[in-house]
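In what follows, a structure is listed as structure tokens, so that the remarks can point back to it.
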Amino acid sequence: MKIRKAVIPVAGKGTRFLPASKEIPKEMIPIINKPMIHYAVMEAIEAGIEEILFITSEGKGSIEHYFKRNNKLEKFLKERGKDDLFEQIKTIGSSIEIQTIRQDEQLGLGHAISYAEEFTTGETFCVILGDDLILAETPVCAQLMSISNQYNNNAVIGVMEVANQDTDKYGIVDGIFLEGKKTLKMKKMVEKPSPDKAPTNLATPGRYILTNKIFDCLREIPRGVGGEYQLTDAINLLAERQDVYAHIFIGDRFDTGSIKGYLNATVEFALRNSETRDMMEEIIKDKVERYKL
Ligand code: UTP
């Protein structure tokens with residue numbers, strides 16, 4: 001069964017990006033010349049997703065606006081012969097159907113996902129967290145979709161290996177490896193275990209394929225860590241009711257929700273782009289020299 005729908009929650013407060021996020025949604029802060037959310041939407045499009053639901057909150061209107069066509073700007077660019085830019089601007093606003101729904105109160109990621117029930121109309125769907133940017137030849141959600149197809153259209157959690165001492169920064173997956181050693185049948189997810197308690201070093205940045213049964217689980221879980229409804233708790237409940245898999249994806253992940261991850265992504269993206277590579281190289285060399293790094 002083809003997975004056609006993606007849910008992108010963007011309702012969080014983005015406190016790590018204050019004061020900027022007081023007025024600009026964190027997701028609209030650019031890496032080079034594209035807002036973070038642009039990369040998440042491109043990942044969905046490249047994976048063949050046809051419809052996206054943004055779960056938003058107050059003050060996030062610019063995200064919706066960004067993905068709408070801007071006829072005035074398009075006309076201006078066309079008249080000035082700026083065909084490249086014209087195509088780029090047009091494509092952003094026309095290549096996918098986008099809906100939005102407002103999460104009234106920020107009661108956690110699990111709570112945010114529960115708003116997607118009507119949108120998903122019983123289908124298995126993909127969740128992309130826009131502040132985890134992942135550069136990959138095959139979009140990560142496409143990698144997970146093909147594992148879901150292989151295993152009966154069940155839920156699949158994207159995981160990556162992290163250093164043993166870093167397990168307390170992530171949700172960590174426990175499970176049994178299947179053939180190929182890249183996919184596991186998940187037993188449970190543990191939130192931020194200390195290295196001595198972590199069952200594995202397989203961390204869960206924000207990529208999930210979820211079945212519709214997740215909505216029953218989200219209704220049943222109590223508030224968890226931080227008084228929030230945790231998606232992790234709902235996934236653990238789901239794993240008690242149907243098979244849930246975890247898959248080690250191929251790709252480089254940047255935690256752009258944190259300042260360090262954001263800086264890292266900015267430098268890396270600039271170095272990977274032929275138009276900015278020389279500039280970034282010059283800047284880095286100059287800084288190394290000047291500050292004796
Ligand atoms: P984070 O834990 O990164 O929270 O949320 P945040 O508010 O975005 O950022 P900080 O930690 O305050 O800096 C993970 C994802 O879940 C979404 C966020 O938008 C982000 O994509 N989220 C979180 C919601 O949509 N609603 C919530 O109630 C909580």
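The values are calculated or read from the model by the stated rules, or taken from the named source; none is laboratory data. Source: prediction; values computed, not measured. Remember, those area values only see protein heavy atoms, side chains included, never the ligands or the DNA or RNA. Shrake-Rupley method; radii C 1.70, N 1.55, O 1.52, S 1.80 Å.
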*Tilt of helix 277-291 relative to the longest C-alpha principal axis of the chain, in degrees (0 to 90, nearest 10)?*
90 degrees
*Surface per residue (accessible, 1.4 Å probe) for the range 1-93, Å²*: 55 Å²
*asked:* Distance between the C-alpha centers of the range 59-105 and the range 244-293? Whole Å please.
replied: 26 Å
_Classify the range 188-293 from the C-alpha gyration tensor, please: rounded if a/c falls under 1.5, else prolate or oblate depending on whether a/b exceeds b/c._
prolate
_Folded to 0 to 90 degrees: helix 231-241 orientation relative to the chain principal axis, Cα_ = 40 degrees
*Quarter of the Cα convex hull surface for the range 44-117, i.e. its orientation-mean projected area (nm²)*: 6.0 nm²
*Give, in nm to one decimal, the length gained when the segment between K187 and K260 is fully stretched (0.36 nm per residue of separation minus the Cα-Cα distance).*
23.1 nm
*With both partners inside the chain, how many of the DSSP beta bridges are antiparallel, as a percent to the nearest 5?*
60 percent
*Gyration tensor (alpha-carbon) shape descriptor, the range 130-205, a/c threshold 1.5*: oblate
*asked:* Starting from 0.36 nm per residue, how many nanometres of slack lie between R290 and E118 once their C-alpha separation is accounted for?
replied: 56.3 nm
*Rg/Rg_ref, the range 31-79, where Rg_ref = 2.2 N^0.38 Å and atoms are Cα*: 1.34
*Taking only Cα atoms, what is the 0 to 90° angle, nearest 10, from helix 36-46's long axis to the longest principal axis of the chain?*
70 degrees
*Considering only D252, D278, D166, give the residue with the highest GNM mean-square fluctuation for the chain, with springs between Cα atoms whenever their separation is below 10 Å.*
D278
*Looking at the square roots a ≥ b ≥ c of the eigenvalues of the Cα gyration tensor of the range 1-137, which shape do they give, rounded for a/c under 1.5, prolate if a/b is larger than b/c, or oblate?*
oblate
*Cα centroids of the range 23-48 and the range 184-219: how far apart, whole angstrom?*
25 Å
*Cross-link partners of K22 among lysines (Cα-Cα below 17 Å; sequence separation of 8 or more within a chain)*: K13, K60
*If you project the alpha carbons of the chain onto their three principal axes, what span does each projection cover, largest first, in Å?*
59, 50, 38
